[in-house]
Each structure stands twice: as C-alpha cells, then as structure tokens.
Amino acid sequence: MSIPEDFLQQLEQYSELSHREKEVFLEIFGRSKNRVNVTQELNISESNLGTCLTGIYKKVCITCNGPVKESRLREYLSKRYSQQKPPGDLTTDGIDDSIDTLVQEIRKQIKPYIKEKCGTMRVLDMPKPIELTGKQGIYTNVNILEAITGRRRLKVAELMQNCDHDNFERLGLSRVKQKRVSGLEVVQRYSKLMVLGKPGAGKTTFLKYLAMQCIEGRYQANRVPLFITLKDFAEAPKKPDILKFTVQLLSSCGVTHASAAVEKLLKQGKALVLLDGLDEVREEDTNRVLRQIREFSDLFHTNQFVITCRIAAKEYTYQSFTEVEMADFDEKQIAIFAQNWFQLTDPVKSQRFIQKLKENKPIQELASSPLLLTLLCLVFGDSGDFPANRSELYQEGLDVLLKKWDAKRNIEREQVYKNLSLRRKEDLLSQIGLTTFEQKDYFFKQKTAETYIADFIRNLRNADTDPEVLKLDSEAVLKSIEAQHGLLVERAKGIYSFSHLTFHEFFAAREIVANSAWESLVEHITEIRWREVFLLAAGMMRKADDLLVLIKSKIDLLIAFDDKLQNLLQTVYNKALSVKYNHKGAVVRAFYLEHALFFSYSVLDSCNELATALGFNIEVDPEIDFDEKLTDALEVVNSDPLECLSYALSLNLNLEPEFKKSLQNLKKQIPFCDNPEKWIEREDKTIDEWLNTLRILIIKYRKIGYQKQLNDEQTELIWNYYNINLLLLDCLNSDCYVSCEVRQKIEDSLFLPIKIKVE
C-alpha cells in the first residue's frame, strides 16, 4: 500500500531525515517500490540503502529487530494517515463544500468571542481597554528576526565592533544588524512557528492581531482561529487534553455538536491554532503541556500553528517548529505606535512625544520595548513631558518588569531566586551593573555573570555555600533574570548584556548611591560615558549636596594651576560684565567661553564663526535667546568670506563706528580667489595675514577671543572644564534635591577664575 507523498512530507519526523533518507522514505513508503528498484532509481548500493533505512527507523522510533521493521513502519504510517482521512463516502467536491460551509458557520459563531478576547489590549495602568485593530487601533506592525540573536556564535569584540568604549552611540550596543522581516510574512512562510521574545516584546499582541485578521477575513479566511491561552488550558478543571479543551471553548461559543465539528476542522487542516504564553505555564504543568502540544501538532499537522514564549523560559524542542524572535521596535515603529496611541486624545501630543524622545536618547532606548513604550506614553499623556528626574521614570520601568507585568496577569513563575526579595534582586543587578560598567564590559561572558551572582548569593542568610550548589544556583538565577524580567539578555552564545544601556547605567548609579561612593564616582568626571551615571546618582540621592560640592571642587582643581587658562576665564568674566543680560551670570559666561574657545585654537575658517564673532556685543535677552539676528547669522551656509562679511555688516549689530569702518576696509582687502567656495582651502600667506587682522579687530573691539594659542594639553583641559561645568548645571536642573545654599553657591561660581571671590 502506498501513502500520499504530501502526507509523508508533513510528518514531524520527516524534517529530521537526511536528504538521502527522505528519498528512500518516499520511494519505499510513498511509491511502494521494492529495494532493488530503489537502489536502481537512486543509484545507491544495497548497503547504503540499509544504512538509510536504519536511520529512518531510528528517527521514527521503530525499535523492533529484523525484517518486520518495514511492515511495522508501514502499519504506523497507515494508521496515522487513516486518522487524517475525512469520514464517510462523500465525493471530493461534496467534502470540500461540506467543510467550507462548516468553517464559515463556526467562524460566525466564534467571532464575538475572538473580538472580546483579542480585539482590545489593556496593560499596566491603562484606565480602559483600547482597540487593537481598525481605524482607531493601537496595533503597530511588528518585525521578526529569523535567527535567534542569543544563538549567534559571536565574540565580544565582534559585538563591540561599531562601538567605542568611551564614546559610543547608545543604540549601537543593542542594535541587531540581521535582516528584519514582517511578522505576517513570516507566519505565511511557515506552517509551524515558535515566536520567542523578551518580556513585553509584544508576543501576545501579535497573536491577538493574527486572530483578529483571520476572523475579519483579511488573513486565512478559510480557517477558524483558535486562540488558546496556555495558562488557562494548563489550569483548567479535570486537566483536559487540548482537543477536549478546544471542544469546550467552541461549545461555550454556541457551536453545536462541537466535538464532531472540531475534529472535522482539525482533520481537514482548517484551523489557525494560536497558543499563547508557553512561559506562563506553572512548573508542575510544564511537562504535560509540552507533551500535549507536541502530540496535538503532530496529529493535526495540516493546520497552522503559532506558539509564543519568552526567550530562555522553557527547555523544549519541537523539531517541526521554526523558531523566530520578535525584533525590538525601530524609530519608525515607535512613531507609528505613538501616533496611534494619542490619536483619540491629542493628535498633536504624539509629535511632541517623538520630539522629546529624540532629545533624550536614554529614554528613547527604552521605547524600543513595546511594553516600556506603553509606559512612556502613559507617563507623557498625564503631563505632556517626561520627568526631569529620569531616575524616577527608570525605577517605574523596572517595577513594571520586576513585579507588575506578571502580577497584573496573575502569572506565577518558578521562584529560583534563592531567598531573593525584590530589593535583593535590584541589589544583585546593581552590583553586576557597577562592576561591569567600571570595567567597560557592556557585554560579558555567561560564566563571568554567574561568578558575580554566586559572589552575591553566597552571603545571603541560609545560603548553601557548596561550590557545586552555588554554580547551579547562579546558572538558574541568570536564566530567570533573562526569562522573567528580560533585564539581562543573551546577545550571542554565552555572552550577555543589560537589555538597555539605560538600565546598565541606572543600576551602576544605584550601587554608587547605596554605598555613598562619591569619591570613586568623581574619579570618572572627565569620561563622557559616565555622564548619565552622574545625573542618575544625583537624582537618586536623598540630598545631593555632597556629590555636587565634590564635583565643583574637582572642576576648579582641573585648571587651577594653569595661568593661561585662568587668564582665559578672566577674559570671559570681564566680557560677561560688559554686556546687559537677564540670564544668570553662569549661563552668559558659558556662552562666551564656548565661543572664546573657537578663537583660541582654530582659525576663522567659515562664515558661521565669523558671523558669530561679529555678534558678541549683542544684548542678551531671555525671550529671544540672546538675539534672533545672531541665529540668522549662524545660518549662513556659503563659505565665501565676501558674502559673509557683507551679510554680517548689513545686520543691525550696533557696531562701534571705528569697528564698522575697519571691517569695511577689510572687506575691500579680501584676497582674490577664482572659486570663493574653495577660499578657505587655500594655503596662502596673504589669506593668513587677512584672517589674523580680522582676529585682532574682533579681540580689540569685542573683547572676546584668546590671542595666545593653547597647546593640545591645555585645549583638552579647557574643554573638559567646560563640559564638566555643563554636567554640573544639568545635575542642578535635573530635579535633584539640593539645599538652597549649596545650589546658589555653585551657580554663582561657575565658569569663574579661581581668584574671583564669590560673596
């Protein structure tokens, strides 16, 4: 007896066979050829044929001995095939008409249930559910990674390939460079799909979307969507198998003769089976549920199956399922989600939301997670802005991942954190965060992470300090952090990082605050990569006086003993005294120091700098941000000095008569060049003399600039000085708690030479 080849090719075991074994399998059992014919057809020897058959029997689990193996396998295949054949003696057309009618009837009956179950979403503190699809729907198309990121065999150096340890693009650390494919496209490509993802990656929402597309007739309209929450199935009374559970589900939707109807649907391959949340199944139910899914998907293999599960949550292997991973949101998806979110309440707010994200890279990082993006929309919706103290926002995000997300859905997960409370979990992550951040280990090996974990848990009360037990416990804790909270993520085989650099910095700052380690923190004051840690630490402190005073002392000492730099600060101070302004003095001094630096070590090589220089005596006004005319001057883009000087002279900059006359004379002396755009590229003594004359005029009449050139070391020092002062200002403006006296004293003494005494 021959068995249809398409049936044989859909068997779960078929995918495990080698190419040659598949050929032999189809020839003997699909085409009923004897061994002699098969050796001739495939041009192989009798011994090679025997080897192929041995492999086939092993993979199909035929364990008896001798020639009966072939008949046993044929019996098994015949039995499996008979279970798939439609009952009765209807003609093919009659069967097709009958099943299509049944499908449409059941779709109509379960549509209200699917819309109720899958048509809306409500997470976190949302006041009410919102629609998933339709004109007012929140759903944003997702992308899929067809290769699991944590299974790539890469080294740390390869992961850091495009990242500078000291000054990197924040999003570069977590960006996955492999191809992203539309979620719907992937589902259409594979009949059995396992969708993996981090907590809050949008797996359930994606499955709900598939159910809604199906029931609305936009996708697989000839199938019935069966949406099953695996937690509900696992904990159902009397522990039914999936078939019985499905019958109960359809029966509750009003489907008559549900048992026969479901069996007919499944045997005809007319179901889209959506199994949500394998990771949410309790440990005691796991083996039973895994076995049920395997048997169910094997028995009714002609249907389409999609299962969702958190990465690293379960140890399972479904040979016939293709595993893919949910990709993080990119900037375009974030924008679409925000537009969908705010479209009902305040469409304009979505544009402000996107703009604020672009201005704040650490927060923008978090928005790549759909769950955390939802949190950000909720926060922004209430106040129209993000909190000035970002540490409070990040703490709320951590609370969502560490406790609220599972608690909201009544998910009970295995407690493998040995005696770890929520506070201790954060302590553990903080210790790992600071240790790795200090060592510039944005990516670290699994064994390294497990060593840090073992060092932490060995000190807990009642901890078993046996090395082997600690090793096993540290492995379990690491996997639990990844699966339950997604705060540590496997970026490649055996290599981990924090899910977001933002959280890495947060935990590093938390550890510093917990240990009052201000002295060690300030040692990193000139390192750009520590900037966010300083801001977060200041925001977390009950009172930030000690840290800010320490930073100010470090700033002053940086250039205290360099007379040339002190003279430069004195020049800036004198200039600030000579103008009228409504801003705080520190802001004006910062403005003039920045522009003085351009003159101190670089030539006037563009009209932008020239126009800026000409505007230095403008009266400062808070309403127009120093002066709109200065902004206009900065927007000149042509590098032709003649046009630039003409433009600058045409502005009403209140130039002194002598200065204006000198500039007009200088304009007439501009060295000739055939191509004005290449003027600044010429190496010409005449041009150097012309530029130097202009420099002297600006220093004389504007009292700004620094005629004595700084060496490389001084240049680096003064820019470090400038940037650290800005960091200190940002700390003061970050809503950190600092006494009025300390705040005033610091603000009054910013950008001042040491010899200027602040009263």
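The values are calculated or read from the model by the stated rules, or taken from the named source; none is laboratory data. The model shown is predicted, which means the values in this text are computed figures rather than measured ones. As a convention, Cβ positions derive from the backbone with ideal geometry for all residues, glycine included, and neighbour counts pool all protein chains shown.
Looking only at region 707-720, decide whether some residue is modelled with pLDDT under 65, outside any helix (DSSP H, G or I) and not assigned by TED's automatic domain parsing to the domain that holds residue 538.
For region 707-720, residues modelled with pLDDT under 65, outside any helix (DSSP H, G or I) and not assigned by TED's automatic domain parsing to the domain that holds residue 538: present.
So, residue 284, is that one free of Cβ contacts under 8 Å to residues at least 12 places away in the same chain and farther than 30 Å from residue 82 by Cα or not? Give the derivation first.
Working: free of Cβ contacts under 8 Å to residues at least 12 places away in the same chain: yes; farther than 30 Å from residue 82 by Cα: yes.
Yes, satisfied.
Please give the number of the condition residue 96 fails out of (1) within 26 Å of residue 216 (Cβ to Cβ); (2) surrounded by 12 or more Cβ atoms within 10 Å (Cβ to Cβ); (3) at pLDDT 85 or above.
(3)
Against the conditions (1) farther than 23 Å from residue 301 by Cα; (2) exposed (fewer than 11 other Cβ atoms within 10 Å of the Cβ); (3) at pLDDT below 85, where does residue 70 fall short? Just the number, please.
The single condition residue 70 does not satisfy is (2).
Do any residues in region 460-479 that are on the phi < 0 side of the Ramachandran plot and surrounded by 14 or more Cβ atoms within 10 Å (Cβ to Cβ) have Cβ atoms under 8 Å from those of residues that are of a type in the set (Ser, Thr, Tyr) and modelled with pLDDT of 85 or more, where the two are at least six apart or on different chains, and which pairs are they?
Every condition considered, the pairs that remain are 474/451; 478/496.
If we scan region 344-361, do we find a residue that is crowded, with 18+ Cβ neighbours inside 10 Å, hydroxyl-bearing (Ser, Thr, Tyr) and in a helix (DSSP H, G or I)?
Scanning region 344-361 turns up at least one residue that is crowded, with 18+ Cβ neighbours inside 10 Å, hydroxyl-bearing (Ser, Thr, Tyr) and in a helix (DSSP H, G or I).
From (1) modelled with pLDDT of 95 or more; (2) in a loop (DSSP other than H, G, I, E, B); (3) aliphatic (A, V, I, L, M), pick out the condition that doesn't hold for residue 537.
(2)
As an exercise: evaluate residue 200 against (1) of a type outside the set (A, V, I, L, M); (2) part of a loop (DSSP other than H, G, I, E, B); (3) over 25 Å from residue 489 (Cβ atoms) and give the number of the one condition it does not meet.
(3)
Only residues that are assigned to a loop (DSSP other than H, G, I, E, B), of a type outside the set (Asp, Glu) and in contact (Cβ under 8 Å) with a residue 40 or more places away in the chain: list them for region 203-220, please. Talk me through it step by step, then tell me what you get.
Filtering region 203-220 down to residues assigned to a loop (DSSP other than H, G, I, E, B) leaves 216-220.
Cutting the leftovers down to of a type outside the set (Asp, Glu) gives us 217-220.
Within region 203-220, 220 is the sole residue that qualifies.
Of all residues being polar (S, T, N, Q) and surrounded by fewer than 16 Cβ atoms within 10 Å (Cβ to Cβ) in region 571-597, which is modelled with the lowest pLDDT? Just the residue, please.
Of region 571-597, the ones polar (S, T, N, Q) are 571, 574, 578, 582.
Next, from what is left, pick out any that are surrounded by fewer than 16 Cβ atoms within 10 Å (Cβ to Cβ): 574, 578, 582.
Values: 574: 82, 578: 72, 582: 62.
Of everything passing the filter in region 571-597, 582 is modelled with the lowest pLDDT.
Pick from 201, 221, 157, 147: which is among the aliphatic types (A, V, I, L, M), farther than 29 Å from residue 121 by Cα and modelled with pLDDT under 95? Show your work before the answer.
Working: 201 fails: farther than 29 Å from residue 121 by Cα; 221 fails: farther than 29 Å from residue 121 by Cα; 147 fails: farther than 29 Å from residue 121 by Cα.
After applying the criteria, what remains is 157.
Could you check region 400-426 and list, in sequence order, the residues that are at pLDDT below 85, assigned to a helix (DSSP H, G or I) and of a type outside the set (A, V, I, L, M, F, W, C)? Can you show your working first?
Going residue by residue through region 400-426, those that are at pLDDT below 85 are 400-422.
Next, only the ones that are assigned to a helix (DSSP H, G or I) stay: 400-408, 422.
Passing the criteria: 403, 404, 406, 408.
Table: residues versus (1) under 17 Å from residue 301 (Cβ atoms); (2) assigned by TED's automatic domain parsing to the domain that holds residue 304; (3) surrounded by 15 or more Cβ atoms within 10 Å (Cβ to Cβ).
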position: 10; (1), (2), (3): yes, no, yes
position: 13; (1), (2), (3): yes, no, yes
position: 19; (1), (2), (3): no, no, no
position: 30; (1), (2), (3): yes, no, yes
position: 38; (1), (2), (3): no, no, yes
position: 45; (1), (2), (3): no, no, no
position: 50; (1), (2), (3): no, no, no
position: 55; (1), (2), (3): no, no, yes
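Those residues that are of a type in the set (Lys, Arg) and either farther than 30 Å from residue 76 by Cα or surrounded by fewer than 20 Cβ atoms within 10 Å (Cβ to Cβ) (or both), I need them from region 253-295; list them, please. Full working, then the answer.
Our first condition is that a residue be of a type in the set (Lys, Arg); within region 253-295, this holds for 264, 267, 270, 282, 288, 291, 294.
Result: 264, 267, 282, 288, 291, 294.
Quick check on region 242-296: of everything there that is of a type in the set (Lys, Arg) and assigned to a loop (DSSP other than H, G, I, E, B), which residue is nearest to the chain's Cα centre (by Cα)? Show your work before the answer.
Narrowing region 242-296 to residues of a type in the set (Lys, Arg): 244, 264, 267, 270, 282, 288, 291, 294.
Imposing the further condition that a residue be assigned to a loop (DSSP other than H, G, I, E, B) reduces the set to 270, 282.
Details: 270: 37, 282: 28 Å.
For region 242-296, the residue satisfying everything is 282.
Output the residues belonging to region 325-335 that are surrounded by fewer than 17 Cβ atoms within 10 Å (Cβ to Cβ) and not in a loop (DSSP other than H, G, I, E, B). Before the answer, list the steps.
Quick first cut of region 325-335, residues surrounded by fewer than 17 Cβ atoms within 10 Å (Cβ to Cβ) only: 330-332.
Correct list: 331, 332.
Tell me, which residue of region 721-759 that is hydroxyl-bearing (Ser, Thr, Tyr) and part of a helix (DSSP H, G or I) is modelled with the highest pLDDT?
Here is the first cut: in region 721-759, the ones hydroxyl-bearing (Ser, Thr, Tyr) are 721-722, 734, 737, 739, 749.
Retained after the next criterion (residues that are part of a helix (DSSP H, G or I)): 721-722, 749.
Details: 721: 92, 722: 89, 749: 89.
Applying the filter and picking the extreme gives 721.
Starting from region 370-386, take each residue that is closer than 22 Å to residue 132 by Cβ and list its partners that are surrounded by fewer than 18 Cβ atoms within 10 Å (Cβ to Cβ) and aliphatic (A, V, I, L, M), counting only C-beta distances under 9 angstrom and pairs at least six apart or across chains.
Note: pairs meeting the criteria are 371/124; 374/124; 374/126; 375/124; 378/124; 378/126.
If you go through region 296-311 one residue at a time, do you hit one that is among the hydroxyl-bearing types (Ser, Thr, Tyr), touching a residue at least 24 places away in the same chain (Cβ under 8 Å), surrounded by fewer than 17 Cβ atoms within 10 Å (Cβ to Cβ) and touching a helix residue (DSSP H, G or I) at 6+ places or on another chain (Cβ under 7 Å)?
Just the residues of region 296-311 that are among the hydroxyl-bearing types (Ser, Thr, Tyr), to begin with: 297, 302, 308.
Remaining after also requiring touching a residue at least 24 places away in the same chain (Cβ under 8 Å): 297, 302, 308.
Restricting the remaining residues to those that are surrounded by fewer than 17 Cβ atoms within 10 Å (Cβ to Cβ) gives 302.
With touching a helix residue (DSSP H, G or I) at 6+ places or on another chain (Cβ under 7 Å) added as a condition, the list becomes 302.
Within region 296-311, one or more residues are among the hydroxyl-bearing types (Ser, Thr, Tyr), touching a residue at least 24 places away in the same chain (Cβ under 8 Å), surrounded by fewer than 17 Cβ atoms within 10 Å (Cβ to Cβ) and touching a helix residue (DSSP H, G or I) at 6+ places or on another chain (Cβ under 7 Å).
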